[in-house]
1. If you wrap a convex hull around the C-alpha atoms of the protein assembly as shown and split its volume per residue, what is the figure in Å³?
2. Name the chain B residue with the Cβ nearest the axis that maps B onto A: which is it, and what is the distance in angstrom?
3. Using packing as a proxy for protection, rank A:46-54, B:69-77 so that the peptide with the highest average count of other Cβ atoms within 10 Å comes first.
4. Taking Rh as the Kirkwood radius computed over C-alpha pairs, what is the Stokes-Einstein D of segment B:17-226 at 4 °C in a medium of viscosity 1.567 mPa s, expressed in µm² per second?
5. Would you tell me the mean number of C-beta atoms belonging to other protein chains that fall within 10 Å of each C-beta in A:40-48, as a whole number?
6. In straight Cα distance, which lysines are under 17 Å from A:Lys55, not counting same-chain residues fewer than 8 positions off?
7. Which order do you get for B:Leu30, B:Leu205, B:Leu172, B:Leu182 if you rank them by accessible area with a 1.4 Å probe, largest at the top?
8. Normalising by the residue count of segment B:90-230, find the relative contact order in percent from Cα pairs under 8 Å and 6+ residues apart.
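The values are calculated or read from the model by the stated rules, or taken from the named source; none is laboratory data. Because the structure is a prediction, the values reported are computed rather than measured. Here the Cβ positions follow ideal geometry from the backbone for every residue, glycine too, while neighbour counts run over all protein chains shown. The protein model used for the area step is the full one, side chains on, heavy atoms only, and it has no ligands, DNA or RNA in it. Shrake-Rupley method; radii C 1.70, N 1.55, O 1.52, S 1.80 Å.
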2 protein chains.
Amino acid sequence: MTQTSFPPTDASGPDLAGQPDQATVDLLGLLAYGELTAFERLATDARMSPTLGDKIALAAMAAAEFSHFQAICGELDRLGVDREHAMAPFIGPLTAFHNSTAPADWLESLVKAYVGDNIAADFYREIATRLPSPSRELVLNVLDDTGHAAFAIDRVRAAIEANPTVAGRLALWARRLVGEALTQAQRVGVDRDALTGLLVGVGDLDALAAIFNRLMAAHGRRMAALGLSA
Amino acid sequence: MTQTSFPPTDASGPDLAGQPDQATVDLLGLLAYGELTAFERLATDARMSPTLGDKIALAAMAAAEFSHFQAICGELDRLGVDREHAMAPFIGPLTAFHNSTAPADWLESLVKAYVGDNIAADFYREIATRLPSPSRELVLNVLDDTGHAAFAIDRVRAAIEANPTVAGRLALWARRLVGEALTQAQRVGVDRDALTGLLVGVGDLDALAAIFNRLMAAHGRRMAALGLSA
């Protein structure tokens, strides 16, 4: 369902009636449901942990995602927006993404948590810098790494060292994650004019290309950190 | 593996070397792993939630269990006890309990969260009152209800009202939960002399019978609150 469109130049502040703009509500709703599913996924993946220490580490990350979820819900409350209503448009795409990328084992779940979540976070950050305060600061704060990075890098590198053949499989897996994420991002973009407008409205095609290049460069650095070819 | 036994009269304080007594370490280890698995289970069950509101409610309870887990780990740290070592003896029995009582649907998971967790909590409370301070206060605080009760009662009663035939199935399910819990409690009791000693050491057979009667009476009240026959 297409939302009522509005000029991108309005996207950085409330409209004349003092209502929060649709782009802010959309980004908060998308992030809230993203954090809730990240919580569920990490908590479920914790069951695949090879050791008790790994299980505790993953459960702690899941709990951190839930506190992010609560922080975003607090911001939606402050803006007077119904939280479930704000999340509703993003349940379908996020569920489809997770259903099509269910990790087969512990290593795939680590790569997904690290590669998948960070490419999403980078994308959200590009949008968030264009939000009005204090939503902008809240979102940027929530997007800060919750310790996935060091943990995933350490475990994945150790696994590759122990058995170099897993690197090829995990590199393919990461490529599939990016492909599925782009598919769902496109689906969201088609449906949510306000959110897309926020991203497109700030510049021309060169600016969009620059955003895409930044995302891909950061993704390449993360793959290299894991010891995988991008 | 049977632990070194010690007289039950020593169970209420540190031994002569200033080490925490085995019963305290055992109860904290049992509770810590219990909270960690409760977290995992609630977070996994959240995926079965029929509505987004139910999902959020269950995820919030799961996050509360994880904060309990962290509180108990903090107490183990304070006592200078390795947390994973303290939890290790209880991984087998708790995993066996959860594997043999995997809920088939949303209602079974609610009954398990309410009936199963509370009968366990009542039992832990009976032991905890015999622990030295401040472990005693910490455990009693952690065992406080995290909102399961009102939520589960509301949802289960509504489901029975909508379809009275589910009451029989859920009553059978609750009986199976109690049976499996007793089986695993016995297994823990055989292996962990210190923990059993703490419970038995305080009194005679009459006192033990009184504890059992209190547990069963509280269980019966919870079943009645759900609208189920005990």
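1. Working: hull volume 74.7 nm³, N = 460.
Given the Cα convex hull of the protein assembly as shown, per-residue volume reads 162 Å³.
2. For the rotation taking chain B to chain A, the closest Cβ gives B:Ala43, 2.
3. Numbers: A:46-54: 15.7, B:69-77: 19.1.
Most protected by this proxy first, the peptides run B:69-77, A:46-54.
4. Values: Rh = 17.8 Å.
Rounded to a whole number, D works out at 73 µm²/s.
5. On the way: counts 9, 2, 1, 12, 5, 0, 5, 5, 0.
So the per-residue partner count for this stretch is 4.
6. Hits, sequence-local ones excluded: A:Lys112.
7. Numbers: B:Leu30 15, B:Leu205 135, B:Leu172 115, B:Leu182 85 Å².
The residues order as B:Leu205, B:Leu172, B:Leu182, B:Leu30, largest area first.
8. Values: 92 pairs, mean separation 53.1, N = 141.
Here the relative contact order equals 38 percent.
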